[in-house]
Amino acid sequence: MGVETGAAEPGALSTLFRLRTYARPHSASLAAMLFFHAVGTGLEIISPLLTQRLIDGPVRHRTTDGIAVLAGLALLVSIGVMVTDHLGRLAHAAGTVGIEKSLRTDLYSHLQRLPLSFHERWPSGQLLSRATTDLRVVGGFLGFGSVFIVLQASTYLGVSILLITIYWPLGLLVSAGVIPVLWLTYQLSRSFLPVSRRLQDELGDLTSLVEESVLGFRTIRAFGRHRYVNQLFSKAAKVVYDTGLEKGRIIARFWPAIEIVPGLMLAAILCGGAYAVANGAMTIGELVAFIGLMMFAIWPLDSLGWLLGEAQQAATAAQRVYEILDTEPTIRSGPRTMKSRGHLQFHQVAFRYPGETADVLHDVTLSVEPGETMALVGASGSGKSTLTLLVNRLHDVTAGRITLDGVDIRDLELANLRTVIGAAFEEPTLFSASVRENLTLGRPDATDDEVRTALEIAQAEFAHDLPWGLNTRIGEKGLSLSGGQRQRLALARAVIGRPRVLVLDDPLSALDVHTESLVEQALKSVLTDTTALLVVHRPSTVALADRVALIDGGTIAAVGTHHELLRTPAYREVLAQK
């Protein structure tokens with residue numbers, strides 16, 4: 001799966017209480033829902049009492065006196081139930097949707113604050129399942145289940161009190177019925193929670209597999225591996241199927257036992273009630289009212305078990321959501337802002353990926369003067385791309401520091417730093433949005449002239465010839481475009497607004513020789529007054545650089561002009577491999 005996920009514990013229900021902060025802003029809606037449903041339930045409880053009055057009054061005395069009044073009250077009760085149900089459902093919708101929105105917004109914002117190392121470690125399917133399915137389960141329980149647990153428990157308590165006032169021996173019997181239900185629910189939770197958690201994790205794995213298959217469809221078909229992928233999916237689906245059956249068996253073992261409790265109680269009430277009427281301890285009207293009220297107690301008793309089961313499922317979902325929310329961002333924004341001249345320096349920089357034991361970079365000391373273009377050259381795996389990721393703090397240095405005009409970049413606001421620094425990577429990412437929205441991702445206030453200039457520099461004027469020009473919507477990850485087109489748009493996005501520092505990780509690798517030459521000529525005008533760090537994989541691109549830094553074994557082995565370094569055997573060997 002690529003990431004370890006925790007197993008649900010018997011105390012997982014306590015996790016739900018941590019989410020009360022999300023329910024608090026919507027407490028008015030939740031309180032209104034509870035109030036209206038409580039009033040509606042109270043009105044429904046009146047119906048058996050009206051029946052008692054009818055039987056012990058007009059029916060018993062064979063008279064029509066009072067029937068009109070009782071019928072009118074029954075009609076008012078029905079109208080009241082209808083109105084309160086309508087208002088309660090409106091409040092429920094507002095509360096549930098509001099809680100889900102707050103949860104979803106916070107979770108998404110938190111994901112954006114987490115470092116690149118987190119996203120590299122977590123499969124996207126696991127994140128998607130937490131941000132969609134799990135979040136919906138948690139939001140639904142907070143907005144409905146938690147309120148109805150209170151409502152049904154209160155209903156059961158209220159009905160039990162009424163039953164005790166009518167005939168206390170049977171009333172106490174009904175009150176005691178909650179004990180076996182709670183005990184059985186507790187036993188259910190001990191088996192249910194771990195399996196429920198495992199099922200949700202497995203569904204996350206299945207989501208990852210589907211996403212990878214969709215995004216890699218062309219590669220799968222090109223290599224004729226669709227049968228192999230189908231087998232992988234079938235195996236993963238079988239795992240989900242088996243766990244789902246195990247979950248079903250657990251429910252089948254406990255749920256019938258929970259549901260039989262109200263049935264046994266009803267049988268006891270019918271026998272005991274008949275005996276009490278025969279002995280004059282109850283009237284017929286009281287028995288009918290008792291049975292009617294008893295039916296109101298059965299539903300809370302039944303639903304209480306169901307709601308507690310929903311709480312268990314929500315608890316495992318909450319645990320999965322909190323695995324993300326509890327992850328602290330390791331890259332934090334600093335307090336300072338600045339207008340940079342573009343003097344970039346690396347001071348004995350070292351970097352090690354999380355969980356690794358060896359440094360990828362060590363003792364990297366390098367100075368890039370304002371307006372200078374520095375090319376990074378090295379063998380594959382030498383650390384060139386990693387070094388560029390440190391400049392705009394996609395990763396933070398493990399040791400040493402990186403400064404911009406003498407200021408440690410960790411002391412700068414992230415938004416300010418990433419406005420000063422523009423970046424384009426070898427594998428460009430385009431979003432399912434218009435061309436213009438992709439271009440202005442980092443500069444939403446960019447003018448039409450800036451957009452046009454950026455497209456000219458990147459030789460990406462083809463964007464104007466798309467069906468709707470710059471308003472053409474690009475498909476997911478830009479797969480509707482060629483690799484070269486994607487790279488050119490990503491380059492245009494990087495240079496738009498002329499950032500003071502430009503980090504380019506071989507952004508021309510997918511271009512043909514002719515287009516590459518045109519882009520390089522246009523880039524020269526940008527690089528004259530921009531500090532640039534340029535990862536070079538093609539010898540021809542070295543011509544853009546004022547100086548070249550040779551990276552070998554994760555450190556700077558030599559720095560000089562292209563012609564100076566040609567006297568170095570290691571440099572010539574690297575160029576010969578490209």
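The values are calculated or read from the model by the stated rules, or taken from the named source; none is laboratory data. These numbers come from a predicted model, not from an experiment. Counting neighbours? That spans all protein chains shown, and the Cβs are built from the backbone with ideal geometry, glycine included.
Regarding V364, is this residue in contact with a Gly (Cβ under 8 Å, 6 or more places away or on another chain) and outside the structural domain of L103 (by TED's automatic domain parsing)? Walk me through it before giving the result.
Working: in contact with a Gly (Cβ under 8 Å, 6 or more places away or on another chain): yes; outside the structural domain of L103 (by TED's automatic domain parsing): yes.
Yes, satisfied.
Which of the residues belonging to segment 180-195 are surrounded by fewer than 17 Cβ atoms within 10 Å (Cβ to Cβ) and within 14 Å of P262 (Cβ to Cβ)?
Correct list: P180, L182.
Residues that are surrounded by fewer than 19 Cβ atoms within 10 Å (Cβ to Cβ) and among the acidic types (D, E), at least 1 per element: which helices (runs of 4 or more DSSP H) completely within segment 428-506 meet that? Talk me through it step by step, then tell me what you get.
On the way: elements: 435-439, 448-457, 483-495.
Result: 435-439, 448-457.
For segment 524-564, which positions are part of a helix (DSSP H, G or I), free of Cβ contacts under 8 Å to residues at least 60 places away in the same chain and aliphatic (A, V, I, L, M)?
Scanning segment 524-564 gives a single hit, A543.
In the set L151, L203, L142, which member is farther than 26 Å from M295 by Cα, in the same structural domain as G98 (by TED's automatic domain parsing) and surrounded by fewer than 22 Cβ atoms within 10 Å (Cβ to Cβ)?
Numbers: L151 fails: farther than 26 Å from M295 by Cα; L142 fails: surrounded by fewer than 22 Cβ atoms within 10 Å (Cβ to Cβ).
When all the criteria are applied, what remains is L203.
What single numbered condition from (1) modelled with pLDDT of 90 or more; (2) within 27 Å of the chain's Cα centre (by Cα); (3) among the aromatic types (F, W, Y) fails to hold for F425?
It is condition (1) that F425 fails.
Within segment 272-283, which residues are part of a helix (DSSP H, G or I) and either among the polar types (S, T, N, Q) or within 11 Å of L173 (Cβ to Cβ) (or both)? Step through it out loud before you land on a result.
Filtering segment 272-283 down to residues part of a helix (DSSP H, G or I) leaves 272-278.
Within segment 272-283, G272, G273 meet the criteria.
Name the one entry in D106, D56 that is modelled with pLDDT under 80, part of a helix (DSSP H, G or I), assigned by TED's automatic domain parsing to the domain that holds V195 and on the phi < 0 side of the Ramachandran plot. Please lay out each step first, then the result.
On the way: D106 fails: modelled with pLDDT under 80.
Residue meeting the stated conditions: D56.
Can you name every residue in segment 330-354 that is in a loop (DSSP other than H, G, I, E, B) and either over 29 Å from the mean Cα position of the chain (by Cα) or assigned by TED's automatic domain parsing to the domain that holds D552 (or both)? Write out each step before concluding.
Filtering segment 330-354 down to residues in a loop (DSSP other than H, G, I, E, B) leaves 330-335, 337-343, 352-354.
Matches in segment 330-354: T337, M338, K339, S340, R341, G342, H343, R352, Y353, P354.
Looking only at segment 386-426, which residues are closer than 28 Å to G469 by Cβ and in contact with a helix residue (DSSP H, G or I) (Cβ under 9 Å, 6 or more places away or on another chain)?
If the condition is that a residue be closer than 28 Å to G469 by Cβ and in contact with a helix residue (DSSP H, G or I) (Cβ under 9 Å, 6 or more places away or on another chain), then G422, A423, A424, F425, E426 are the ones that fit.
Among residues belonging to segment 29-60 that are in contact with a helix residue (DSSP H, G or I) (Cβ under 7 Å, 6 or more places away or on another chain) and without any contact (Cβ under 8 Å) to a residue 40 or more places away in the chain, point out the one that is nearest to L157 (Cα to Cα).
Among those residues, the one meeting the criterion is I46.
Can you tell me which residue among A433, A494 is in the same structural domain as S525 (by TED's automatic domain parsing), more than 19 Å from A522 (Cβ to Cβ) and out of contact with any helix residue (DSSP H, G or I) (no Cβ under 7 Å at 6 or more places or on another chain)?
Details: A494 fails: more than 19 Å from A522 (Cβ to Cβ).
Only one candidate passes the filter, namely A433.
Rundown of residues vs (1) farther than 24 Å from V349 by Cα; (2) surrounded by 13 or more Cβ atoms within 10 Å (Cβ to Cβ); (3) of a type in the set (D, E), yes/no style:
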residue: T541; (1), (2), (3): yes, yes, no
residue: L544; (1), (2), (3): yes, yes, no
residue: I551; (1), (2), (3): no, yes, no
residue: A558; (1), (2), (3): no, yes, no
residue: E564; (1), (2), (3): yes, yes, yes
residue: V574; (1), (2), (3): no, yes, no
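Going by the structure shown, is T185 in the same structural domain as D134 (by TED's automatic domain parsing), in a helix (DSSP H, G or I), more than 30 Å from A311 (Cα to Cα) and not charged (D, E, K, R)?
No; evaluated as a whole, the condition is false for this residue.
Just for segment 355-388: of the residues that are of a type in the set (A, V, I, L, M, F, W, C) and either surrounded by fewer than 18 Cβ atoms within 10 Å (Cβ to Cβ) or assigned to a loop (DSSP other than H, G, I, E, B) (or both), which one is modelled with the highest pLDDT? Steps first, answer last, please.
In the first step, residues of segment 355-388 are kept if they are of a type in the set (A, V, I, L, M, F, W, C); the result is 358, 360-361, 364, 366, 368, 374-377, 379, 387.
Now drop any that are not either surrounded by fewer than 18 Cβ atoms within 10 Å (Cβ to Cβ) or assigned to a loop (DSSP other than H, G, I, E, B) (or both), which leaves 358, 360, 379.
Values: A358: 88, V360: 93, A379: 88.
The extreme case among them is V360.
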